[in-house]
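One structure is given below, encoded as structure tokens.
The values are calculated or read from the model by the stated rules, or taken from the named source; none is laboratory data. This structure is a prediction, so every number in the text was calculated from the model and none was measured. Backbone-built Cβ (ideal geometry, glycine too); neighbour counts: all protein chains shown.
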Amino acid sequence: MPDEEMLALWVEDELTGESAATVNAWAVAQPEWLARREQARQIKGLLRAHLPAAEEPPYADFFNSRISREIGREAVSVEPATSVKVTASFWRFFLPATAVAGMALCFWAGTRVVPTPSSSPLPPVANAPAPMPVLYTPEQGVTAAFFNSSPAHAEVIVLDGVAAIPDSFEVPETASVEEPAPATAVIDPLPR
Amino acid sequence: MNIFQRLASKTLLGPAESGSAATGNPVEGPEDEALVLRAKAGDMKAYDELVTRHRGRIYAMIRNMVKNETDAWDLSQDVFIKAWQALPRFEVKARFTTWLYRIAHNTVYDFTRRRRPEGGDELNDELLSRDRIDPAAVSTPSESRSPDDALAGDELREKIESALAKLSPEHREAVVLKDVQGLAYKEIAEVMSCSIGTVMSRLFYARQKLQSLLKDEYDAR
Amino acid sequence: MNRRRAITLMALLGTGVATGQTDPGKDVIGTVTVVVYYGTNGDPSAAGPRTKAVPAEVATRLSREQKLRFSKYLELGRDMMPLYRTYENWAKPVHPSQEILLRFEAQSHLSKDLMRMDVELWLSQKKILKTDAAMTPDKPLLVLGPEWRGGRLIISVELKPGKPKSQDEE
């Protein structure tokens, strides 16, 4: 009997030459294996005829750009924070005394303006604005726009081009409340 | 002619319908190796080119593994993001495609495991399976088919996909990788982290079941 | 008796510990509340009798943002679901209808209070929007959605720490 690997290749019609001839001869008396090979041929033929081995994903350009974006985002999140170094004292060893004095004066003036690491630490992550989210709208014609709304203290996504919910849709009973005749909150649309 | 020969003979679709990768396997050769080397050195353009070359195969494979097209879209991207992260560990002499399939296998496995917690509320699976991305659709994808198109490509493809969905993930993956993607046994064993013997038996079982499932659907007409 | 109670208690505790350790992915790390509001500049009775009044502070908040400003707001429904550490979950704010669904899943902690979540909005059984919003407690994500009966729906997604109170977990 052929070994497991040879049988596997034979079932798939991937054996050639002498090996194929050998197994063919052996299989003449093996109806189960012949049936198995036939079954493999049929299923393979059917699947290959109707399921593509490769299929471009929809929105292919967006597919790639989203990957790049995520990779870029990951890279930023693991980058070590860079620190500002004070190097003025280093230059003192290389410049004439007068130039050094002038430089020292200028540097001192500069420190009044530019924050040094010790006086102005990096803001805590929690206060830093969250990165822009990725928005994906698979339905054709639908777009989404994101912004941070300070007045509403909320993040907002505005969808455009979405098909309306049918008027026939009724709010289910379970979503209702026990109180009868709910009052609506009437808001003056024009801010004062 | 038995039913499978009849079904296979109605090749109303070619092997693939769309895109530049539609004709099938991108040849992995020196071009891939050069791109991989550049990508390993941090060249994003080279990596973008690799994504373009391989996205068709990865998307097709995952689409055959999960019911939902938009999930397949998301998961395919996850594969390439993870591949970028793992690129430093990839040995250039290995086959890039097989390595990608291995990452796709792990990604799909993680996805199906974490789909919902045990005992969680089961949403109607019909909801998820009907979701389709159809770039050609003007409004919403049409779900009705004329009787004349009973065995038209799309409907038959749906039946095949429905039958595939009834297999366990391991059996489904084995038949997708072999009979659709055309991988060698050794490659499949590497992707699925199992022996060639296991691949053989999974394939045998999967083909048996598919034969039975599709025969029933066809005979019901 | 005391010994029996002690053994029972220890067994229960042991079970609890064992259960808790089996799948950390099922740890509940927050609660997601999804509310569907209806905003209209027309007749609010078009929404039908099964709607709910909106608290004044919510209406004020919504109206402060020009894009979300309407003269009247109503609540159509809400759902409150646990946010698992590594599993997805679904909110059905107009249960049992599946007209409006929201899938969400925790992604990563960007900081102690800032969590990135995958959020998907499904309308009429189609995926309409997917985003990876960075959520903080008390700062909802508001999605200005589709039109309905002369107004527009606003879907609010809010993340809070802790587990849902006395909700049957799905």
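When C:LEU144 is tested against (1) surrounded by fewer than 23 Cβ atoms within 10 Å (Cβ to Cβ); (2) over 15 Å from the mean Cα position of the chain (by Cα); (3) at pLDDT below 95, just one condition goes unmet, and that condition is (3). Checking each residue in region A:14-41 for being under 15 Å from B:PHE204 (Cα atoms), touching a helix residue (DSSP H, G or I) at 6+ places or on another chain (Cβ under 7 Å) and either crowded, with 19+ Cβ neighbours inside 10 Å or not polar (S, T, N, Q) (or both) picks out A:TRP33, A:LEU34, A:ARG36, A:ARG37, A:ALA40. Would you be able to tell me the number of residues in region A:161-184 that are in a loop (DSSP other than H, G, I, E, B) and at pLDDT 50 or above? Adding up the residues that qualify gives 12. Report yes if some residue within region C:118-141 is at pLDDT below 95, in contact with a Ser or Thr (Cβ under 6 Å, 6 or more places away or on another chain) and farther than 22 Å from A:VAL162 by Cα; otherwise report no. No, there is no match, as no residue in region C:118-141 is at pLDDT below 95, in contact with a Ser or Thr (Cβ under 6 Å, 6 or more places away or on another chain) and farther than 22 Å from A:VAL162 by Cα. Within region C:84-98, the set of residues being more than 8 Å from chain B (Cβ to nearest Cβ) and crowded, with 21+ Cβ neighbours inside 10 Å comprises C:ALA91, C:LYS92, C:PRO93, C:VAL94.
Only one of these conditions is not met by B:LEU151: (1) within 11 Å of chain A (Cβ to nearest Cβ); (2) at pLDDT 65 or above. Which number is it? So the condition that B:LEU151 fails would be (2).
In the condition set (1) within 7 Å of chain A (Cβ to nearest Cβ); (2) more than 16 Å from the chain's Cα centre (by Cα), C:GLY77 is compliant with all but (2). Taking the stated definitions as given, is C:VAL35 within 28 Å of C:PRO82 (Cβ to Cβ), surrounded by 20 or more Cβ atoms within 10 Å (Cβ to Cβ) and more than 9 Å from every other protein chain (Cβ to nearest Cβ)? Criteria met by C:VAL35.
Given the criterion of a type outside the set (Lys, Arg), outside any helix (DSSP H, G or I) and touching a residue at least 24 places away in the same chain (Cβ under 8 Å), identify the matching residue among A:PRO52, A:PRO58. Outline the logic, then answer.
Values: A:PRO52 fails: touching a residue at least 24 places away in the same chain (Cβ under 8 Å).
Checking each option against the conditions leaves just A:PRO58.
Looking only at region B:73-112, which residues are within 24 Å of A:PRO138 (Cβ to Cβ) and more than 14 Å from every other protein chain (Cβ to nearest Cβ)? B:VAL108 - this is the single residue of region B:73-112 that is within 24 Å of A:PRO138 (Cβ to Cβ) and more than 14 Å from every other protein chain (Cβ to nearest Cβ).
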